[in-house]
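No lab work stands behind these numbers, since they all come straight from the coordinates. Note that the structure is a prediction, hence the values are computed from the model and not measured. With ideal geometry, Cβ positions are generated from the backbone for all residues, glycine too; neighbour counts draw on all protein chains shown.
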């Protein structure tokens, strides 16, 4: 049998053996029962209950109808995940010649040979991954094409959309501001937006910034009604986010604030508006000034990458009638309204995202940095509620790769997918991305992470 076909067949079987054993969800929906992975796959939280972990499969977000907003910034777990999406094969993805500098040119291990068979199995247009070990980028690789219908290969410096993995950046900005005395974890919505006192439901007045970033603020996950409402907002982005807060707090709380965990893009959007109000700057500027500049994340951007240069970057893809369709570039083309940016509209190159991962890896190992102290990291990484989520990170324990305690997240606005694991006990982090956000995208990422961990982090 052809060795290449044998490898692909083995990966296919391995993928389904894994997904059958691990039904996990990227972000809980309004149902508390959404997230129920077995302990062997995603681990358990501090209370011993199954913890939310990275998605082995995911329900893809359909592209919104004309005149409406997308309904999900992060797809929830699929009820069943026995087969991947039926995606037509694009021969250009395998034949695309590599361009730009290679990982080897930078003294890094090239992960492309490991990734390409996985990309072929799940038929995603592009796939990328990175490995951080001992505090630095150690391995990097990309494979596939920037968009269907083109033979332009993805390059290692190309940006990928992070979806809800961007929540960790929003929470980190808040932590830096707290450390600088620009805000407090105990700052409340009522204090930040006193002009809405007359229309704000009373329970929201005392909701804190920490409540919002821990998904305990009383807000729903998202809804089409919410997306349609914010799509009508106009003016500057701070003005739109202020209007988003006004709309959100005028609705009855989905549950008693502070009483439970409920994964909420709405809550993160309100939290982003709060830190923007505290600093007197848009959330986007805060991410640039407080994170991107000190960490030298030069690829940072918002919305679908490539505004003004659509042919030089990967494009997000959705599945329509079995065919992959490439979406546009720039804000809004990631299927997310820019007003919900704090919940997940950031894009970064893999190497820049790895820099951010290495930064958090140091903090998870109880180290201080020039940007954030050990206490600041502790506020982000600890899970005092035992809910499986800290601030911007799912918190779990796993026996995979003999890793123990871990921080993890997945993300997608429907057209991209992203997955990250921070493994402090192994002094490592694994990241994976794809320019397709449906179920097969997440399956490809999970298998890529598994294979990288098995090969490079074996006990």
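If R₀ is 22 angstrom, what is the calculated FRET efficiency for the pair residue 252 and residue 185, using the beta carbon separation as r and rounding to 0.05? Can you show the working numbers first?
Values: r = 26 Å, r/R0 = 1.16.
After rounding to 0.05, the efficiency reads 0.30.
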Please sort 270-280, 236-246 by packing, taking for each peptide the average over its residues of neighbouring beta carbons within 10 angstrom, highest first. 270-280, 236-246
Listing 353, 421 from the residue with the fewest other Cβ atoms within 10 Å to the one with the most, what is the order? 421, 353
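Using 0.36 nm per residue of separation minus the Cα-Cα distance, give me the extension gain between residue 325 and residue 298 in nm, one decimal.
6.9 nm is the gain from fully extending residue 325 to residue 298.
Kindly put 122, 261, 394 in sequence by how many other C-beta atoms sit within 10 Å of each C-beta, fewest to most. The partial results should precede the final answer.
On the way: 122 25, 261 20, 394 29.
Lowest to highest Cβ neighbour count: 261, 122, 394.
Quick one: order 188, 89, 433 by neighbouring beta-carbon count within 10 Å, fewest to most. Don't skip to the end; give the middle numbers.
Working: 188 17, 89 10, 433 34.
By the 10 Å Cβ count, ascending, the order reads 89, 188, 433.
So if we plug the beta-carbon distance of residue 259 and residue 373 into 1/(1 + (r/R0)^6) with R0 = 35 Å, what FRET efficiency do we get, rounded to 0.05? The partial results should precede the final answer.
Numbers: r = 31 Å, r/R0 = 0.88.
The formula returns an efficiency of 0.70 here.
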Sorted largest first, the C-alpha extents of the stretch 169-288 along its principal axes in whole angstrom are 34, 34, 26
Work out how much length residue 86 to residue 307 would gain on full extension: take 0.36 nm times their residue separation and subtract the Cα-Cα distance, in nm to one decimal. 76.6 nm
Taking Cα pairs closer than 8 Å and at least 6 residues apart, the relative contact order of the stretch 299-366 in percent is 36
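Can you give the FRET efficiency to the nearest 0.05 for residue 98 and residue 198, using r as the Cβ-Cβ distance and R₀ = 56 Å? Kindly include the intermediate steps, with their values, before the conclusion.
On the way: r = 60 Å, r/R0 = 1.07.
With a Förster radius of 56 Å, E is 0.40.
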Restricting to Cα pairs below 8 Å that are 6+ residues apart, what does the relative contact order work out to for the stretch 169-288? Please round to a whole percent. 33
